[in-house]
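What follows is a short report on a single structure.
We did not get these values from a lab; they are worked out from the coordinates using the rules stated. No experiment lies behind these values; they were computed from the predicted model shown. Backbone-built Cβ (ideal geometry, glycine too); neighbour counts: all protein chains shown.
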Amino acid sequence: MKKNRVNISGILFYILVIAVMLIILFPFIWQILTSIKSERELWSIPPIWIPKKINLDYYYSVFIKRPFLTYIKNSFIVASSTTVFSVLVASFASYALARLHFKGKNIILSLVLAVSMFPGIAIVSPLYIFMMNVHLLNTYIGLIIPYTTFTLPLAIWNLTTFFREIPFELEESARVDGATYMQTFMRIIFPLAAPGVFTTAILSFISAWNEFLFALVFNTKDMMRTVPVAIAMFPGEHELPWGDMAAASVVVTIPLIIIVLIFQRRIISGLTAGAIKG
Amino acid sequence: MNAVKRTRRQGLSESQFGYLMVFPALLCIGLIALYPVVQTFWLSLHRLRLQFPDMTKFVGLQNYITIFGDDRFINATINTVEFTIVSVALELVFGLCIAMLMNKEYKGRGLMRAAALVPWAIPTTVSAMMWKFIYNDQLGVLNDILVRLHIIPEYKAWLGSEVTAMGAAIVADVWKTTPFMALLLLAGLQVIPRELYEAATVDGASAWRQFITITLPLLRPTILVALIFRTLDAFRVFDLVYVLTGGGPGNSTETLSVYAYKTLFRNMDFGMGSALSVIIFVFIFIISLIYIRILSSGSSAE
Amino acid sequence: MKRFKMLSLLLVAILVVGLTAGCGGGGQQSNNTNTQQEQNAQPQQNPEPVTITYRAGKDTSERTQMLIKQFEEENPNIKVDFQEMPWSTDDQHNAYVTALQAQDSSIDVVAMDVIWTAEFASAGWLLPLGDKFPQSERDKFLSGPLEAVTYNGEIYALPEYTDAGVLYYRKDIISTPPQTWEELMEMSKENIGKNGIRYGIVFQGNQYEGLVCDALEFIHGNGGDVLDSNGNVVLNSPQSVEGLKEMVSLVEEKIAPEGVTTYMEEDARNVFQQGDALFMRNWPYAWAVVNGDDSPVKGKVGIAPLPHGPNGKAGAPTLGGWNLAVSKYSKHPDEAYKFIEFMCSDAGQKTTALVGGNLPTRKAIYNDPEVLAKNPFYKDLFNAFISARPRPVSPFYPQISDSMQINFHKALTGNITAEEAIANVEKDIKSIMGK
C-alpha cells in the first residue's frame, strides 16, 4: 500500500521533470528540427513540424563553406583561458574579502560591482583605442583580458558568498598545524567551495563564449573570429540562410552541453566535500 | 587571535596578504575598466558628435539636462523598468523551482542539469533570431500551436502589436536567462547542510515549512548575488530587443541600452550617448544599493 | 585531491596554448595577408608588394573574390586583404565608427552604405577623390549614385553598385501592372481570396531603415519631399501626408497582412514566394530568388516600376546600394584608389552585375548583351532605376532616419495619424539640423 503511493508520487515527479525539460528544450528542439528540414519545408506557411526526410546539407555547408572548426577553436581558447584567469583571480580576491581582515573591503567590493554596471557599448570605443595602442587587436589576449575583467565581478561576488559559508574552525585547525595562508586557501577553502567554484567557472565560460560586441570590433580577421560573430556572418545583404544558422547553433551548443555534463560531476563531488563541514 | 597569527613564521601579515590577494583583480579592473569608465564620464560633459569634430566643446551638464527633458528617454526608461522587473521576477521564481528540481536526487538528474543550461548556452543573437522565427506571423510555430489548441482563432503578429511585443521579448529573455539564475541558486542550495532538513522532517515540518524556514533564509546571500547580476543584465538588455523588434512597434520596446546604442553608434553622438550610459550606470547603482540594503540587512546581523 | 591537480594541470595547459596562440596573432599593423601560422613559419620573403585591407560586408556570391583575383593579377605589386564583416549594416557601421574614430590605419578601403557617405565625409574619415575622378569619368555613371557619393560639392567615394525599389506582381493573375497605388488597392481587393491569394501586397514595414525606404517611395511618388534643393525642410506638405496615408491604408484596409509591420526584405519575399501575396515591393535581388527552381511562383512573376500617388507623375523608387571609399588614415592611399577604381570600372561593374546580381552604376553596362541576357528586366526598368531618389544627403541622416522610423511605424501600427507622423518628423528634423 505504502509502496504504491511512493510509486505514484515518483511517477508524478518524473512527469513533472519531463514536462519542465520539454518546455525548456522546446525552442532548441525546434532549432534542431529546423536544421534538418529542406529549404522548402523551412519556409513553408504554415510551419511543417517533422521534415519528410532528414537533410544534412546545412551541417555540411557549415563546415565546408567556412573554417567553422577554427572559429570553435578560437572561442574555446578564449573562453577557457578567460575561465581560468577569472576563477583564479576571483578566488584569490574572494578569499581575502571573505575571510581576512583588512581595511577597505567594502569599497573594493562595490568598486568591483560598479565595473559591471556600465553598458558594454559605452566601453568598446575607449577600449579599442587602448587595444590598438598595445597591439592586441586580432589576438586572443585582446579578448581574454577584457572578458576576464568583465566576468570578475560576478565571480568575485559569488565566490565571496561561498567562502563566507565555510566554517572557520577548519581553517584554524589547519593553521595551528602550521599551514600558510596560501596552503589553507588551496587545500581547504578552495575544494570546500567547489560548488561555487564550478558554478562560477561555467558561468564565466558561457558568458565569454557568447560575447559578441568586443569580438566583432576587436577581432576583424577571419582566422581570429569567435563563434557568435561567425554565426552573424552567415546572412548576406538579402539572404538569410536560416538552415545553416540553425545547424551552426546546434553544433556550438553541443560542446557546451558536454562541458556542463563534465563539470556537473564536479559540483556533486563538491557536495560530498561540503558534507564534511556539517 | 591576530597576535597568534602574526607570531607564525610567515613573511606577511594578514592584511598584507589580503591586499596581495586582491591585487590581481584590482589590476585587471584598473587597467581595463577604469579608463573607459572615466573616459565615458568625461565625454558625457561634452558636445561631441563625430560628424563635426571641430564643434566639440565642454558643455557641463547640458547633455543631462537635454536627456531628462526628452520624451524618448522617459519612454525608454519606463520600458526598461517594466522589462527588468517582470523578467527578473519571473526568472527568480522559475530559477528557484528549477534549481530545486536539479538539487533533488533522482535518476537522470545530470541530464536535467545539462538540459536546463541549453538556453543559456545559445549565443544571444542566435536565440533572439530563433524567437523571432517562433513569433513569426506566417511561419511561426507559436501561432501554429496556439491555433491547433484553439487558444487563439487566427495567426497573430506577436512582435507587431504594442500589446504583445514587450511580453514576447520578456518571454524570450526569461527562457534564455532562467538557467543562469537556476545555476547560481543550485550552488547555493548545495551548501545548505542536509542535516537541517533531516532534523526538520523528524520534527514533522512540512516541505513548504522547510522551504520557508530553512531554504529561503540560508539561500539569501546567493539570491542577493543572483538578483543583482540578473538585474544588471536585464537593465542593460540590448541584443535581444534589438534583434527581435529593433525597438518597435512605434518604439514601444525601446530600452535605455538600445537608445544609447543608437545614439552612440548610429547617430555618432558620443556626448549624448556617453551621458545616457552614465545614467544607465547610475540607475543600476541605485538598484544595487536597494538590493544590498534589503537582502543583506539580515545576514550582517548574524 | 589528485583529480583536482589533474584538472588544474589541464587548465594550465589550455592557458599556455591560449597565450602562445594569442601572441602569434601579432600586431594589427603587420602588412602581410598570410595567416598567422604562415607568418610565424617564414619571415617576409618579398617585401615589395603592398597589402591593402578592404573591409566590406559579407559577399554571398563569388564576385568579390573574383574581382580581387583579377585585380591582383593585373597589379602584381598590390595584394588585397578582404576583411569580411557581418552583413548587418549596424554591425558594420559600429565597427567602422570604432576603428575610424581611433584613427586606425589598418583599414584602407571602406565599403559604405549610400546613406553613410555624408556623415563619414563630414567626420573627416574619407579621402576626397575629386581630382582623381575627372568629369569625363563621372558622366559615365548614373546620376543618383553619383549624387550619393557627393558631399558639399566634393566626391568622397565611387559608387560600387546601386539599388532601387521595384514592384513585383503575379503575371499569371494580372495582365498589366498598376500605375497608381489606388489601382493596386483595387486589384488587390478583387483578387484576395482567389487563386490562393491572401494578401494584396507585402512590403518592408518593420521599424528599421527599410521602412524609411518604403515610406519615402509613397511620399516622393506623390510629389512630397523631405528637403528641397537648398536643404530646407519641406516635408510637412499635403502631398507627403497623402502619400503616407496611402501606405497606412494598405495596412488599415487589410490589403497588407497585419504582420507587415514586422517584415523586412526576406519576410516579404517569403510570403510572396509562397504564393500568398499578389504584389510585393522589394529590391531587384528578389527576382532571381522568386524564379529559383525551388520557388512555388517560378515563372509567374512580373516586375514593374513602382506605382505613384494621385499627385505624382511616376513612381519614385528609393536609391540603395553601396560605395567604396579610401580611408584618410590609409598608409597606401594610391594603391587603395587603384583598387576601388578597378571595382567600379567597366569590367568590375560587369562582374558585379553578372556574378553578384547587383545593379551596376555605369550606364554602359545596361546595354551589355551578356548582362541583358541574364537580367532581361534591366531594359524595361532602366528608366525607373535612373529615376531612383536618394534619401536626404546629410551628416545628420541617421537621426533623421531614426525619427522617420519611429513616427512612420507609429502611423503604420495605428498609434498616430499620418498627419501627426509627418508633423513630428518635420519638427524633429528641424531641431536636429538646428543644433
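Holding the Cα-Cα limit at 19 Å, pick out from C:K194/C:K300; C:K171/C:K298; A:K221/C:K132; C:K69/C:K338; A:K221/C:K58; A:K52/B:K176 the pairs that are longer than that. Walk me through the numbers before you get to the answer.
Working: C:K194/C:K300 15 Å; C:K171/C:K298 11 Å; A:K221/C:K132 30 Å; C:K69/C:K338 14 Å; A:K221/C:K58 13 Å; A:K52/B:K176 30 Å.
The answer is A:K221/C:K132; A:K52/B:K176.
Considering amide H positions built from the backbone, and no H for Pro or chain starts, which residues 5 or more places from C:E160, or on another chain, come under 5 Å of its amide H?
Close amide H contacts, sequence-distant or interchain: C:W322, C:N323, C:L324.
Would you please give the residues with an amide H less than 5 Å from that of C:I155, counting only those at least 5 places away or on a separate chain, with H modeled from the backbone geometry?
C:L129, C:G130
Residue by residue through the range B:108-123, which ³J(HN,Hα) values in whole Hz follow from phi under the Karplus form 6.51 cos²θ - 1.76 cosθ + 1.60 (θ = phi - 60°), with glycine and proline marked x?
x, 5, x, 5, 4, 5, 5, 4, 5, 8, 3, x, 6, 7, 7, x
In the Gaussian network model of chain A, springs joining C-alpha atoms below 10 Å, which of A:L22, A:L261, A:L109 carries the largest mean-square fluctuation?
With Cα springs under 10 Å in chain A, the top fluctuation among A:L22, A:L261, A:L109 is at A:L22.
In whole Hz, with x marking every Gly and Pro, tabulate ³J(HN,Hα) for the range C:90-102 from phi via Karplus 6.51 cos²θ - 1.76 cosθ + 1.60, θ = phi - 60°.
Karplus-based 3J(HN,Hα) across the range C:90-102 equals 5, 4, 5, 4, 4, 5, 5, 4, 4, 6, 6, 6, 8 Hz.
Would you please give the FRET efficiency between A:I11 and A:T70, computed as 1/(1 + (r/R0)^6) with r the Cβ-Cβ distance and R0 = 56 Å, to the nearest 0.05?
Values: r = 48 Å, r/R0 = 0.85.
Taking R0 as 56 Å, the efficiency between A:I11 and A:T70 is 0.70.
If each residue's Cβ is checked for other Cβ atoms within 10 Å, how do C:E190, C:E48, A:E165, C:E209 rank with the fewest at the top? Before the final figure, lay out the partial values.
Values: C:E190 14, C:E48 8, A:E165 19, C:E209 23.
Taking fewest neighbouring Cβ atoms as first place, the list is C:E48, C:E190, A:E165, C:E209.
How would the range C:171-292 be classified by its alpha-carbon gyration tensor: rounded, prolate or oblate, with rounded meaning a/c under 1.5 and the a/b versus b/c comparison settling the rest? Present the calculation step by step, with values, prior to reporting the outcome.
Numbers: a/c = 2.02, a/b = 1.64, b/c = 1.23.
Note, shape of the range C:171-292 comes out prolate.
Mind giving me the nanometre distance, one decimal, between the label points for B:A207 and A:E169, set 7 Å out from Cα along Cα→Cβ?
Result: 3.3 nm between the two label points.
Under unit Cβ charges (Lys, Arg +1; Asp, Glu -1), what dipole magnitude, rounded to 20 debye, does the protein assembly as shown have relative to its Cα centre?
Numbers: 82 positive and 88 negative charges, 929 e Å.
With Lys and Arg at +1 and Asp and Glu at -1, about 4460 debye.
Could you work out the equivalent-ellipsoid semi-axes for the protein assembly as shown, taking the square root of 5 times each eigenvalue of the Cα gyration tensor, largest first, in whole Å?
On the way: eigenvalues 529, 227, 146 Å².
After diagonalising the Cα gyration tensor, the semi-axes are 51, 34, 27 Å.
Run the quick spin-label model on B:T77 and B:L34: label points 7 Å from Cα toward the beta carbon, then report their separation in nm to one decimal.
Spacing of the two 7 Å Cα→Cβ label points: 3.1 nm.
Subtract the Cα-Cα distance of C:S345 and C:N383 from 0.36 nm times their separation in residues, and report this length gain in nm to one decimal.
Values: separation 38, 0.36 × 38 = 13.68 nm, distance 2.19 nm.
Result for the pair: 11.5 nm of gain on full extension.
Taking only C-alpha pairs under 8 Å that are 6+ residues apart, what is the relative contact order of chain C in percent?
Working: 727 pairs, mean separation 97.9, N = 435.
It comes to 23 percent, rounded to a whole number.
Taking Cα atoms of the range C:319-403, Rg/Rh with Kirkwood Rh, to two decimals? Kindly include the intermediate steps, with their values, before the conclusion.
On the way: Rg = 15.8 Å, Rh = 15.0 Å.
My calculation of the ratio gives 1.05.
Please check: in the Gaussian network model of chain B (C-alpha springs, under 10 Å), which one of B:V126, B:V243, B:V278 has the largest mean-square fluctuation.
B:V126
In a shell of Cβ-Cβ distance under 15 Å around A:Y59, excluding A:Y59 itself, what net charge do Lys and Arg (+1) and Asp and Glu (-1) give? Mind dumping the intermediate values first?
Numbers: positive: A:K37, A:K53, A:K65, A:R66; negative: A:E39, A:D57, A:D244.
Around A:Y59, the charge tally is +1.
Near the amide H of C:Y263, under 5 Å away, which other amide H atoms are found, from residues 5 or more places off or on another chain, if H is placed in the peptide plane?
Sorted by chain and number, the residues that satisfy this are C:G205, C:N206.
Could you please report the charge total around C:D90, scoring K, R as +1 and D, E as -1 over all other residues with beta-carbon less than 13 angstrom from its beta-carbon?
Details: positive: B:K262, B:R266; negative: B:D239, C:D91, C:D113, C:E209, C:D402.
Charge balance in the 13 Å sphere: -3.
Enumerate the calculated ³J(HN,Hα) couplings along the range C:341-355 in order (Karplus 6.51 cos²θ - 1.76 cosθ + 1.60, θ = phi - 60°), each rounded to whole Hz, writing x wherever the residue is Gly or Pro.
4, 5, 4, 9, 6, 3, 4, x, 5, 5, 4, 4, 6, 6, 8
Using a 10 Å cut-off around each Cβ, can you sort B:K262, C:K300 from fewest to most neighbouring Cβ atoms? Could you put the intermediate results ahead of the total?
Working: B:K262 24, C:K300 15.
Neighbour counts put them in this order, fewest first: C:K300, B:K262.
Suppose we look only past 35 Å in the calculated P(r) of chain B. What percent of the Cα-Cα pairs does that tail hold? It would help to have the intermediate numbers written out before the result.
Numbers: 17270 of 45451 pairs.
So the pairs more than 35 Å apart make up 38 percent of the total in chain B.
B:M100 to A:R187: FRET efficiency via 1/(1 + (r/R0)^6), r the Cβ-Cβ distance, R0 51 Å, to the nearest 0.05? Don't jump to the answer; show the numbers that get you there.
Values: r = 32 Å, r/R0 = 0.62.
That gives a FRET efficiency of 0.95.
How many angstrom separate the Cα center of the range C:110-189 from the Cα center of the range B:33-73?
Cα centres, the range C:110-189 to the range B:33-73: 34 Å.
Computed FRET efficiency, Cβ-Cβ of C:D228 and A:F63, R0 60 Å: what is it to the nearest 0.05? Intermediate values should be presented prior to the final figure.
Details: r = 55 Å, r/R0 = 0.91.
E(calc), rounded to 0.05, equals 0.65.
Among DSSP beta bridges whose residues both lie in chain C, state the antiparallel percentage, nearest 5.
Of those bridges, close to 60 percent are antiparallel.
Can you tell me which of B:T125, B:T177, B:T253 moves the most in a GNM of chain B? Springs connect C-alpha atoms under 10 Å apart.
B:T125
Per residue of the protein assembly as shown, what 222 nm ellipticity follows from adding -39500 (n - 2.57) for every DSSP H run with n ≥ 4, rounded to the nearest 500?
-19000 deg cm²/dmol
Quick one: the Cα spread of the range A:57-277 along its three principal axes, in angstroms, biggest first?
68, 39, 24
Kirkwood Rh over Cα pairs of the range C:247-365 into Stokes-Einstein at 25 °C, 0.890 mPa s: D in µm²/s?
Details: Rh = 17.6 Å.
In µm²/s, the coefficient rounds to 140.
Normalised by the residues of chain B, what does the relative contact order come to in percent, with Cα pairs under 8 Å and at least six apart? Let's see the in-between values first.
Working: 313 pairs, mean separation 82.2, N = 302.
Over chain B, the number comes to 27 percent.
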